[in-house]
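Coordinate-derived values only; no laboratory data. The structure presented is a predicted model; accordingly, all values stated were derived computationally and were not measured. Cβ coordinates were reconstructed from backbone atoms using ideal geometry, including for glycine residues, and neighbour counts include every protein chain displayed.
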Amino acid sequence: MLEIFLKTLPFFGLIGLGYGAAKTRFFSEEAAASITKFVFYFALSAMLLRFSANLSFSEIFDPMLAAAYLWGTAFVYGIAIGVAFFRRLDTATSAIEAQCAAIGNTGFLGVPMLAVLLGQEAVGPIILILSIDLIVFSTLLTILVTGTRGDARGARVVRTVFMGLLKNPMIVSIAIGLGISASALPVPEVINSFLETLGAAATPGALFAIGASLASKSAERIEVAAWLSFAKLVLHPACVAAAAYIFFPVDAYKASVAISAAALPVAGNVFILAQHYGVAPQRVSASILVSTVVSILTVSVVIGLVSVR
């Protein structure tokens, strides 16, 4: 456990470095936003494109793993919505809280960190999990939020969902990469080298960007943030573990990757969606801050437990 904790420290150290740079205003909010944009549209996209282009579809898609992760995540999503409804929150706010409870920072933190900690074989399952988060649950959030607004129309909701997916560079990169892989055409060495070089900036850039973004977050509504952080860091990996080990015959290694991904803190893109729709951005901000700080310990514990199994 201690060995895994020490291995995760450099990753969280980079997050801390980004936080310090932004908090001391050495990096302005505009500079931090530019780094995030570079990572999102260029470095991380290049990494995902190279990974998916050099993997076969069978190495990425495992129906049992997809079912286990989908079931476990949906179960936590349902619990969070149920708790929100019990507190008499509206549907849009309940959906945002459920997104905090069930969607982790797989893109910016999971892809670079888990590939190092769990090995390159983890890349395929991570891409699958990221795709489920982005396609299934981001779509569900859009439907729940826009569908409860008086001026929403079926065609408009579909168009919003489609355009959201089309504009997401991670989804586009994975799709293009899988298309290249399916064509069975070899990726030219010069292109592969270019993508590898650009993608190498994703790990330090993404982690630094996470830290810089946390500097502008506040810990308002701490009780709600504590509950959502507990749901994300404890309930989510527990439910995915139950699904992978009990209800679906998932390969032990792939199950460990899915559980580790489920243990990641609240995703930063939930805050972007909350701001876009004008739904409870403060509590999302607090949840990201609290869950990321606490995850320094909990992620190591979860990875240690699944690695021992």
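Okay, here's what the table says:
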{"quantity": "All lysines inside 26 Å of Lys217 as judged from Cα atoms, apart from same-chain residues fewer than 8 positions distant", "calculated": "Lys23, Lys37, Lys167, Lys232"}
{"quantity": "Cα centroid separation, region 51-87 to region 176-243 (Å)", "calculated": "15 Å"}
{"quantity": "Most mobile listed residue (Lys232, Lys37, Lys217) in the chain, GNM with C-alpha springs under 10 Å", "calculated": "Lys37"}
{"quantity": "Fully extended contour minus Cα-Cα distance, from Thr93 to Ala33, at 0.36 nm per residue", "calculated": "19.0 nm"}
{"quantity": "Paired Rg and Dmax values of the chain, which use every Cα atom, in angstrom", "calculated": "18.5, 57"}
{"quantity": "Where labels lie 7 Å past Cα in the beta-carbon direction, separation of Asn192 and Phe57 in nm", "calculated": "2.2 nm"}
{"quantity": "Contour minus Cα-Cα distance for Gln120 and Tyr253 (0.36 nm per residue)", "calculated": "46.7 nm"}
{"quantity": "FRET E, pair Ala182, Thr160, Förster distance 30 Å, beta-carbon r, rounded to 0.05", "calculated": "0.60"}
{"quantity": "Candidates Leu130, Leu185, Leu141: whichever shows maximal mean-square fluctuation once the chain is modelled as a Gaussian network with Cα springs under 10 Å", "calculated": "Leu185"}
{"quantity": "Region 44-195 - Rg over Rh from alpha carbon coordinates, Kirkwood radius", "calculated": "1.03"}
{"quantity": "Highest-MSF residue in the chain out of Thr160, Thr142, Thr93 [GNM, Cα springs under 10 Å]", "calculated": "Thr160"}
{"quantity": "For a label point 7 Å along the Cα-to-beta-carbon line of Phe42, residues of region 187-202 with backbone N under 15 Å", "calculated": "194-202"}
